[in-house]
Amino acid sequence: MSLVEIVLLAIALGVDCLVVSFSQGLIFHSNKLPNSLKLAFVMGLFQGLMPVIGYWCADAVNSYVEKFADWIVFIIFLILGIKFICEALKKSDDDVKICCIGLKCLISLGIATSIDALGAGLSLRFLNADLLISALIIGVCSFVMSIVGFCAGNCLKALPSKYLEIFGGIVLICLAIKAVI
């Protein structure tokens, strides 16, 4: 697998990170830099580690995860999307003062966005790709795309936050549907 192919794979895997980070960037009013860095770090970490796990556990993991990977992603994104929408509908715009991303949310988003990377790790093994270079490129690319997505979401702060949270929830639900289609 060439370096160009690895970079293209990293970009493809990073798209989910970008979109999820965009939805998160829409709802934050304070502590933007720490939250964007935490989110990007977790996204990059999970996206970088999952190919390693997939690479080393190719035979054992493939038989279990392959059948349910799309549904795992679907369930996580669907739950998070519905949660965002329900919370937005419960609050008025004045009540929305989200200041940090919780650890449970970070881990859930990290896992949900990196299931594809686990599958990519399986492919990397079968293609005899350099694991260290591939994992680093995938992780760094996901980190950068996550920062870009978060910043882009923050640029749309002129809209009422209630609608932005609903939009973020809809984006996550669309990602859930995309995972099973």
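The values are calculated or read from the model by the stated rules, or taken from the named source; none is laboratory data. In this text the structure is predicted, and so the values were computed from the model without any measurement. Methodologically, a virtual Cβ is constructed for each residue, glycine included, from the backbone with ideal geometry; neighbour enumeration extends over all protein chains shown. Side chains are part of the model used for accessible areas, which takes the heavy atoms of the whole protein and leaves out ligands, DNA and RNA. Shrake-Rupley method; radii C 1.70, N 1.55, O 1.52, S 1.80 Å.
With Cα atoms as the point set, segment 1-69 shows a radius of gyration and Dmax of 15.1, 45 Å.
If the limit is 25 Å between Cα atoms, which of LYS67/LYS178; LYS90/LYS178; LYS104/LYS162; LYS67/LYS90; LYS67/LYS162 go over it?
Working: LYS67/LYS178 16 Å; LYS90/LYS178 27 Å; LYS104/LYS162 22 Å; LYS67/LYS90 36 Å; LYS67/LYS162 37 Å.
Too far apart for the 25 Å limit: LYS90/LYS178; LYS67/LYS90; LYS67/LYS162.
Any idea what angle helix 3-27 forms with the longest principal axis of the chain, computed on alpha-carbon atoms, 0 to 90 degrees, nearest 10? Approximately 20 degrees, to the nearest 10. Each other residue within a Cβ distance under 14 Å of GLY44 adds +1 if Lys or Arg and -1 if Asp or Glu, for a net charge of 0. Using Cα atoms only, what is the angle between the long axis of helix 161-180 and the major principal axis of the chain, expressed in degrees (0 to 90) to the nearest 10? Long axis of 161-180 versus the principal axis of the chain: about 30 degrees.
In units of the rule-of-thumb radius 2.2 N^0.38 Å, the chain shows an alpha carbon radius of gyration of 1.04. For the chain, the solvent-accessible area works out to 50 Å² per residue, with a probe of 1.4 Å and every protein chain left in place.
Label-to-label distance, ASN128 versus VAL140, with points set 7 angstrom from Cα along the beta-carbon direction: 2.6 nm. Angle between the Cα long axis of helix 32-56 and the longest principal axis of the chain, 0 to 90 degrees, nearest 10? Between helix and principal axis, roughly 20 degrees.
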